[in-house]
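To keep things clear, I will list the structure first and then write my remarks on it.
The values are calculated or read from the model by the stated rules, or taken from the named source; none is laboratory data. Since we're looking at a predicted model, the values are computed, not measured. Cβ placement follows ideal geometry from the backbone for every residue including glycine, while neighbour counts extend to all protein chains displayed.
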Amino acid sequence: MMHTWHKLSAIETAGLLATDMEQGLSTEDAKKRFARYGQNKLHKGKRFSALVMLISQFKSLVIWVLMGAAAVSVALGEVIDGIAIIAIVILNAVIGFLQEYRAEKAAAALARLTAPHCRAVRDGHSLVITTTEVVPGDLLLLEAGDLVAADARLIQASVFRVNEAPLTGESQAVAKFTDSLALDTPLAERRNMIFLGTSVTGGSARALVVNTGMETELGRIAKLLESAESGETPLQRQLERVGRLLLMACFGIVSLIFGLGIWRGIEPFELFLSSVSLAVAAIPEGLPAVVTIALALGVQRMVQRHALVRRLASVETLGRAQVICTDKTGTLTMGEMTARKLVTSQNLYRVTGEGYATEGTFFSGNVENSPSESPELFALLRASAACNDAELTLIDGRSTVVGDPTEGALLVAAEKANITRSAIETEMPRLAVIPFDSDRKRMSVIRRHANLPWAFVKGAPEVVLSRCTLIRTDQGVRTLTEIDRTRFFQANRLLANDALRVLAVAERPLEGVHFDAGGFGSDVEIEQQLILLGLVGLQDPPRGEAREAVSKCKRAGIKTVMITGDHPDTARAIGCELGIIDKGDKVLIGAEIDHLDDAELKERVPHVSVYARVTAEHKLRIVRAWKATGAVVAMTGDGVNDAPAIKEAAIGIAMGITGTEVTKEAADMIVTDDNFASIVAAVEEGRGIYDNIAKTLAYLLGSSTGELLVMLGAVILGWPLPLLPLHLLWINLVTDGFAALALSTDPIDPGVLNRPPRQAQSQLLNRHLFYLTLFTGLLAASVTLGVFAYELHVVGNSIDQARDAAFTALVITGLLRAFGARSEQRVIWQIGLFSNLRLFLIVAVCFSLQLAIHHIPMLQTLFQIKSVSLHQCVVWIGVGFIPLAILELRKVLLNRAKKFA
Ligand code: ATP
């Protein structure tokens, strides 16, 4: 479409787009347009396709060497060997493909879950749609914290500001309006247009979509975005390094074996095939896929526990979290408010009733009071409902709040006095609004009342009280004295100590005051010389599960820090109830933080558990201070202005329900139920996933080392090779492949939150793992070589029979070891044999397969083995148990030693 929208008037724009400025598009029309214009998204360069993924399985060098080996076998007349190698290569590729495909699908499903949303009007109703569904002609509704979903022409704007940095690089917010502009106005100055990818920093607006997807301004520079994100997590990068290292080590050892073998006079072709197969078996090429699966499936489990991870990398960071900074309202508390106490010039009222139900009575002492008989109480309730954006609706017969729960509770209180929102709208039509934000801590709505514009103001008591000069009493309006002020501050503390959130409410006729809904600075003129009406104390009980989650954090060595915009006394009361803070402990308030420089704040943060009356700026400073101490910090937030702190934190967490799109965009994780307990659950999962990856790595390395040492030992000792190429490939598929898969999806150790967080510097491949791997490998190799030598030299069996014994003993050793590999500390009987049913079944199937190759004639020929007797079977299993038994004994001894230490 053409690019001269800024020149047209709003009405012309609507005409040209064939849309309605009030009703928006019809659903039918929107569908047709969607079919015509397609999804509203930028096409990213890469797309995943199953075929590409399948082909990529064959890209590895080892696979090609193996294929070459197969070809050589066939050429030399070893057709069966050749075919068998190819069959195993294909099987390996298919398994690899299935793993990756599953991981990719899981990742794509997650991407859909985290898709941004926006509000639009269709068929005259306001609804939330995913951004990809937006079409040209759609009527968008925008407010602070929204991401602009497409390029659009503004048709209504109130104090509307947009951050256009993604498009223009200018980080200062730009004020927008609706007037038409000259044709040659450059993009950055098109103040009546808003663009995809930018974000709303303040005010509200309506706009008509003119272009979507690749047709937008951002679409045109989409290439800039493509290079932005690399999907690899630090863990995956670390593993890639580990993989390269192992590859080199394997090739080194295999070459050594090859050289020694030639020297020992082993037939070169046999040696070549064995060396190639050994390399294939020893290199844990399945590791990256196993890691992706562990991450992706773990992330899906997190979704069930209400944590949506946007970047896989955060999973491991989550596991290392040392500090969780959380806000209070709705996260630690229910976020379901009820007005409990009202304070006016002369009285303290108690309000009865439950939740958002609109039945309740006002008591002053023990005397029932009707608001219609007390003008000051009536005025307080009316102003509370007038300065309000929430709505009450009935859902399944229950009164429910749409909008901010604080405002909902005020509406409910007003309804208890028969003051309804609809009556207010008809009697006092709304003229303008100065929206609430947590930095201003107040909000004003201007309405026409008694032939004058009136401002109705509510907000944090200290903020509103400092702007009041008058007070309304039952006798009329009079000057607000210092005594009144002190009384109200005392009342405020009294209510806050009861864990109530307190708001002060005021009003003012705007006679002779200039106000302009679209202008700036109007709040300075309007929100002063106010008439104080009183205080409202709202109850917001702590969540039951939050207390448990806080104590879980304590056990897990994670500090919980509450950061709230609320009053320090309210914050302390809730903090005490949840066990975050002790009664006498200091609550640091925003104003105090202002007096600390960064170094002083860094000294203070480890000793503070509750912050109150903070702004977004303070949150950012708190995160920075924590970071400076070297801690891994998780930070929650919901508002637009929390986005910088969320970005700065090691793990930024946005609230799914109350969070704005901008915050979600900045976050690594979204908590879909806004619940603190879900954050802790995510940390638990994060630790579990890391554990699973670490144990799978340790297990695979143990197997590889075992195989390498068996072959190395044999050539050093001058024995014939104990394992045939097919044996090695089989082990690679059976023990390494399947058992590792089951390990990577092991259920989380229930004690995972009973130990301190992992150190930030800890590497996957460390000295401890190196020694453990060597020890495990030596055990497996000793057992295998022992069996081989015993069969060959003591019993005097044929080389085929000796090989069979060595092969089966190594397979059984590997399979049984998987049960012990599930935990570094806990012994098998503590973990439970059946607690990972998948592993149990896989081991059972692998045992059966091992039996099958001994009894199915065709496979017998292929693997060069004969059927086994029960006696042999029992002996092999017994031998296979030895490494497991020794490794478990080692755990018992280490645990004992730790206990006595
Ligand atoms: P958090 O969610 O971070 O725990 P909070 O929700 O308690 O913080 P804010 O939303 O920043 O904090 O609110 C700070 C103060 O502003 C409140 O204590 C209250 O006095 C006042 N306030 C809250 N909501 C409104 C509103 N809708 N209108 C006017 N004032 C409000």
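In the list V477, V402, V457, V445, which residue meets the criterion of being closer than 30 Å to G637 by Cα, out of contact with any helix residue (DSSP H, G or I) (no Cβ under 7 Å at 6 or more places or on another chain) and touching a residue at least 12 places away in the same chain (Cβ under 8 Å)?
Being closer than 30 Å to G637 by Cα, out of contact with any helix residue (DSSP H, G or I) (no Cβ under 7 Å at 6 or more places or on another chain) and touching a residue at least 12 places away in the same chain (Cβ under 8 Å) holds for just one of V477, V402, V457, V445, which is V402.
Search segment 536-576 for residues being touching a helix residue (DSSP H, G or I) at 6+ places or on another chain (Cβ under 7 Å) and within 10 Å of the ligand (Cβ to nearest atom), and hand back the single one that is farthest from Q759 (Cα to Cα).
V536
For segment 341-437, give me every one of the helices (runs of 4 or more DSSP H) that falls completely inside it and has 2 or more residues that are among the aliphatic types (A, V, I, L, M) and within 16 Å of the ligand (Cβ to nearest atom).
375-386, 405-416
Determine if segment 835-853 includes at least one residue that is loosely packed, with under 12 Cβ neighbours inside 10 Å, of a type outside the set (G, A, S) and either within 23 Å of K891 (Cβ to Cβ) or within 49 Å of the chain's Cα centre (by Cα) (or both).
Yes, the conditions are met somewhere in segment 835-853.
Of all residues in segment 479-506, count the ones that are within 13 Å of the ligand (Cβ to nearest atom), aliphatic (A, V, I, L, M) and more than 25 Å from I446 (Cα to Cα).
Within segment 479-506, residues that are within 13 Å of the ligand (Cβ to nearest atom), aliphatic (A, V, I, L, M) and more than 25 Å from I446 (Cα to Cα) number 4.
Kindly provide the set of residues from segment 587-606 that are more than 29 Å from the chain's Cα centre (by Cα) and either within 21 Å of G557 (Cα to Cα) or hydroxyl-bearing (S, T, Y) (or both), ordered by number.
Correct list: E603 only.
Return the residue satisfying two criteria in turn: it lies in segment 229-266 and is of a type in the set (G, A, S) and modelled with pLDDT under 80, and of such residues it is farthest from I693 (Cα to Cα).
If we take residues in segment 229-266 being of a type in the set (G, A, S) and modelled with pLDDT under 80, then S230 is farthest from I693 (Cα to Cα).
Any residue that is within 16 Å of the ligand (Cβ to nearest atom) and among the small types (G, A, S) - is there at least one of those in segment 578-588?
no
Give segment 606-628 a look and list any residue that's of a type in the set (A, V, I, L, M, F, W, C), part of a helix (DSSP H, G or I) and in contact (Cβ under 8 Å) with a residue 40 or more places away in the chain, or say none.
Within segment 606-628, A616, I622, V623, W626 meet the criteria.
Among the residues of segment 582-602, which ones are of a type in the set (D, E) and touching a Ser or Thr at 6+ places or on another chain (Cβ under 8 Å)?
Selection gives D585 alone.
Among the helices (runs of 4 or more DSSP H) contained in segment 250-330, which hold 3 or more residues that are surrounded by fewer than 23 Cβ atoms within 10 Å (Cβ to Cβ) and acidic (D, E)?
none
Scan segment 120-161 for residues that are closer than 23 Å to D179 by Cα and in a strand (DSSP E or B) and report the count.
Counting residues in segment 120-161 that are closer than 23 Å to D179 by Cα and in a strand (DSSP E or B) gives 19.
Is it the case, given these coordinates, that A634 is in contact with a Leu (Cβ under 9 Å, 6 or more places away or on another chain), aliphatic (A, V, I, L, M), outside any helix (DSSP H, G or I) and surrounded by 21 or more Cβ atoms within 10 Å (Cβ to Cβ)?
Spelling it out, A634 is indeed in contact with a Leu (Cβ under 9 Å, 6 or more places away or on another chain), aliphatic (A, V, I, L, M), outside any helix (DSSP H, G or I) and surrounded by 21 or more Cβ atoms within 10 Å (Cβ to Cβ).
Report, ordered by the first and then the second residue, all pairs with beta carbons closer than 7 Å, sequence separation of six or more or different chains, a first member in segment 715-726 that is on the phi < 0 side of the Ramachandran plot, and a second member that is outside any helix (DSSP H, G or I).
V715/R264; L721/I266; L724/Q864
Under 8 Å between Cβ atoms, at least 6 apart or on separate chains: pull out the pairs that start in segment 85-98 with a residue that is within 14 Å of T735 (Cα to Cα) and at pLDDT below 75 and end on any residue that is among the β-branched types (V, I, T) and assigned to a helix (DSSP H, G or I).
Correct list of pairs: N92/I63.
Report, by residue number, each residue of segment 637-651 that is outside any helix (DSSP H, G or I) and more than 13 Å from the ligand (Cβ to nearest atom).
Selection gives A649, A650, I651.
When segment 539-574 is examined, which residues are found to be over 25 Å from the mean Cα position of the chain (by Cα) and closer than 17 Å to R493 by Cα?
Selection gives Q539, D540, D566, H567, P568, D569, T570, A571, R572, A573, I574.
Quick one: is A654 of a type in the set (A, V, I, L, M, F, W, C), away from the ligand (no atom under 15 Å from the Cβ) and crowded, with 18+ Cβ neighbours inside 10 Å?
No.
Just one of (1) of a type in the set (V, I, T); (2) in contact with a strand residue (DSSP E or B) (Cβ under 8 Å, 6 or more places away or on another chain); (3) within 16 Å of the ligand (Cβ to nearest atom) trips up V680, so point out which.
Just one mismatch for V680, condition (3).
I'd like the residue in segment 446-471 that is in contact with an Asp or Glu (Cβ under 8 Å, 6 or more places away or on another chain) and in a strand (DSSP E or B) and, out of all such residues, is nearest to the ligand (Cβ to nearest atom).
V457
Please go through segment 725-744 and give me each residue that is at pLDDT 85 or above and over 16 Å from T813 (Cβ atoms), ordered by number.
Once the filter is applied, which keeps residues that are at pLDDT 85 or above and over 16 Å from T813 (Cβ atoms), segment 725-744 yields A742, S744.
Is it the case that segment 358-370 has a residue that's among the small types (G, A, S) and touching a Phe, Trp or Tyr at 6+ places or on another chain (Cβ under 6 Å)?
Within segment 358-370 (the criterion being among the small types (G, A, S) and touching a Phe, Trp or Tyr at 6+ places or on another chain (Cβ under 6 Å)), the answer is yes, since at least one residue qualifies.
Among the numbered conditions (1) at negative phi; (2) in contact with an Asp or Glu (Cβ under 8 Å, 6 or more places away or on another chain), tell me where E425 comes up short.
(2)
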